[in-house]
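Engineer: My questions all concern the structure below.
The values are calculated or read from the model by the stated rules, or taken from the named source; none is laboratory data. These numbers were taken from a predicted model, which means no experiment stands behind them. Positions of Cβ are backbone-derived with ideal geometry, glycine not excepted, and every protein chain shown enters the neighbour counts.
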Amino acid sequence: MSVKTKKQKAENVDLREQTFNQGHVGPVEIVATAIQQIGQIQKIMFDIDTILLALKGPFSPKGLSPQQFYQRYLLPWLNSHPVLKKAEVRFTGKGFHVLLCLAEPILLPSQELLSRCEGIVQVVQAALPIDVKQPGINALTRPVGSINSKNGKIVKLLRPGEPVSQQEIMSLYEDMSRRPFPTIMQIWFGSDKIEPCPVMHNAAFDLAVINQEMPIA
């Protein structure tokens, strides 16, 4: 390997890409930005960490390749909602970054609007089983083609997605605000009803009934 090739490879390790402002790409210490300094949102990110999913929950990635996990779990989740169906998907080397790419950025000219949008994004992000510690409007994704130093794997684009409008983002937000449990059940399990179980004496448990209009703070 030539010195030039080695240098190019080193420069491509652990890069990050802003989902906000101008979408700059670079080392995390350069492109990371405090929420108060964000002037516009370009993308909404969902961080799907398969290591965390393996520890708890029904979506175990054990024995599955990234492509198999994507086909078995992630793709059906996205296809269960018209807005998520437009999402871009990147394999980060250990998990997945799902990105809703806005057709036009959401401008944040004031702290009041920034705080409002921060809350909206957090509600939207709850539609998928994300890493609960992931950032909201100041999230950083890994650019396609960069290298994850934790395992040496290259970040790959699994699905390009298509742009979504601000109105579409609000429609997902309203679904999650007005009917959170049914919406999540539909996305994660393909139905807003839990099948009868012995604990409940074989009675059907319909989340849509008990949570028809529960708002999210």
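Engineer: For region 80-119, which residues satisfy the criterion of being over 14 Å from the mean Cα position of the chain (by Cα), closer than 27 Å to Ile51 by Cα and of a type outside the set (Ser, Thr, Tyr)?
Structural biologist: Initial filter on region 80-119 (over 14 Å from the mean Cα position of the chain (by Cα)): 80, 82, 93-94, 103-119.
This time we only want the ones that are closer than 27 Å to Ile51 by Cα, so: 80, 93-94, 118-119.
Of everything in region 80-119, those that are over 14 Å from the mean Cα position of the chain (by Cα), closer than 27 Å to Ile51 by Cα and of a type outside the set (Ser, Thr, Tyr) turn out to be Gly93, Lys94, Glu118, Gly119.
Engineer: Still on this structure, please answer the following. Please pick out the residue among Val123, Val132 that is assigned by TED's automatic domain parsing to the domain that holds Thr92, farther than 20 Å from Ala103 by Cβ and assigned to a helix (DSSP H, G or I).
Structural biologist: Details: Val132 fails: assigned to a helix (DSSP H, G or I).
Answer to the selection: Val123.
Engineer: So, one more: Please pick out the residue among Leu15, Leu78 that is more than 19 Å from Pro160 (Cβ to Cβ) and surrounded by 12 or more Cβ atoms within 10 Å (Cβ to Cβ).
Structural biologist: On the way: Leu78 fails: more than 19 Å from Pro160 (Cβ to Cβ).
Leu15 is the lone residue from the list that is more than 19 Å from Pro160 (Cβ to Cβ) and surrounded by 12 or more Cβ atoms within 10 Å (Cβ to Cβ).
Engineer: State yes or no: is Lys156 surrounded by fewer than 16 Cβ atoms within 10 Å (Cβ to Cβ), of a type in the set (Lys, Arg) and either outside the structural domain of Gly26 (by TED's automatic domain parsing) or touching a Phe, Trp or Tyr at 6+ places or on another chain (Cβ under 7 Å) (or both)? Let's see the steps before the verdict.
Structural biologist: Numbers: surrounded by fewer than 16 Cβ atoms within 10 Å (Cβ to Cβ): yes; of a type in the set (Lys, Arg): yes; either outside the structural domain of Gly26 (by TED's automatic domain parsing) or touching a Phe, Trp or Tyr at 6+ places or on another chain (Cβ under 7 Å) (or both): yes.
Spelling it out, Lys156 is indeed surrounded by fewer than 16 Cβ atoms within 10 Å (Cβ to Cβ), of a type in the set (Lys, Arg) and either outside the structural domain of Gly26 (by TED's automatic domain parsing) or touching a Phe, Trp or Tyr at 6+ places or on another chain (Cβ under 7 Å) (or both).
Engineer: Test Ile137 against the stated conditions and say whether it is touching a residue at least 40 places away in the same chain (Cβ under 8 Å), in contact with a Cys (Cβ under 9 Å, 6 or more places away or on another chain) and closer than 23 Å to Gly26 by Cβ.
Structural biologist: Details: touching a residue at least 40 places away in the same chain (Cβ under 8 Å): yes; in contact with a Cys (Cβ under 9 Å, 6 or more places away or on another chain): yes; closer than 23 Å to Gly26 by Cβ: yes.
Criteria met by Ile137.
Engineer: More than 16 Å from Met170 (Cβ to Cβ) and touching a residue at least 40 places away in the same chain (Cβ under 8 Å): is that true of Pro58 in this structure? Break it down into steps so the answer makes sense when it comes.
Structural biologist: Numbers: more than 16 Å from Met170 (Cβ to Cβ): yes; touching a residue at least 40 places away in the same chain (Cβ under 8 Å): no.
It is false that Pro58 is more than 16 Å from Met170 (Cβ to Cβ) and touching a residue at least 40 places away in the same chain (Cβ under 8 Å).
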